[in-house]
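Just so you know, all these numbers are worked out from the coordinates, no wet-lab data involved. Everything numeric here is computed off the predicted structure, so don't read it as measured data. Ideal geometry is used to build each Cβ from the backbone, glycine not excepted, and the neighbour counts take in all protein chains shown.
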Amino acid sequence: MAFKRCLWGALATVILATGCGRKSSLLLERRARGPVEDVSQVAQSRIWVLEPVTQTQSQDGIEVSVTHASPAFLREFFSREEIFGPLAGQVPYFLEQMVFYVRIANTSGQRIRIDPSEFVLTDDQGNQYHVLHPDYTTALAEAKAPFSTATRGVLQEARPGYFGLSLPVGKLMGGGSSQRRFGLLAMSTLKEGYLYDGVVYDGLVAFWNPSAEAAQVTLRLTDIKTDFNASDLAQRALEFTFRFTARTRAS
């Protein structure tokens with residue numbers, strides 16, 4: 001009886017850990033800034049078509065190119081073994097997200113600083129979306145993980161332990177799949193930092209999908225700092241604005 005009680009206690013731990021349909025607290029945060037009634041319309045699973053697909057702008061020796069990373073783009077991007085090695089083949093993003101590939105070339109003769117967390121996406125429905133940290137993507141993966149698959153994998157790897165059942169932590173937390181996703185996001189996400197003269201830097205930024213009613217979205221790459229003084233304070237900040245016509249298509 002004591003062993004059975006321990007077994008059921010361990011199973012309860014598994015159920016709580018895998019969520020049993022409960023979304024991560026990360027996903028419970030408000031997903032967009034705009035009218036409250038529109039919140040349920042964003043972050044839905046849709047395939048977006050943006051035109052033009054690629055846009056390029058230059059200011060003061062800084063060239064920025066933005067490409068809408070469609071599902072087809074992402075499949076090709078993450079399939080390259082020469083870049084991602086053994087991690088290649090899996091797309092870490094979801095259809096609930098709108099992803100952009102950003103390429104920045106600094107030929108300004110001085111260093112600049114970028115902070116992708118300041119980038120903003122807006123739509124013509126009055127909503128504003130902020131860049132998603134990779135944690136949001138991994139949390140979405142956890143929320144989507146089938147309960148039966150997660151528990152089956154854990155129980156198959158269960159071993160005798162102090163309380164009668166020892167749970168493998170790697171399996172409980174998603175194992176290799178979550179680590180693979182994290183690795184791909186770490187390698188491909190556009191990150192904050194200085195770009196020195198002559199450097200070309202690229203990466204991906206993701207947002208929650210906008211409202212399905214949106215016919216235009218605008219991506220603003222804001223607060224790109226330049227002209228640093230002796231006190232390491234930026235004297236200027238540039239903004240690159242890219243407007244896209246938007247429509248959805250069947251998946």
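Of note:
- Spatial separation of Cα centroids for region 43-79 and region 90-125, in angstrom: 9
- Listed from fewest to most Cβ neighbours within 10 Å, the set 130, 68 follows the order 130, 68.
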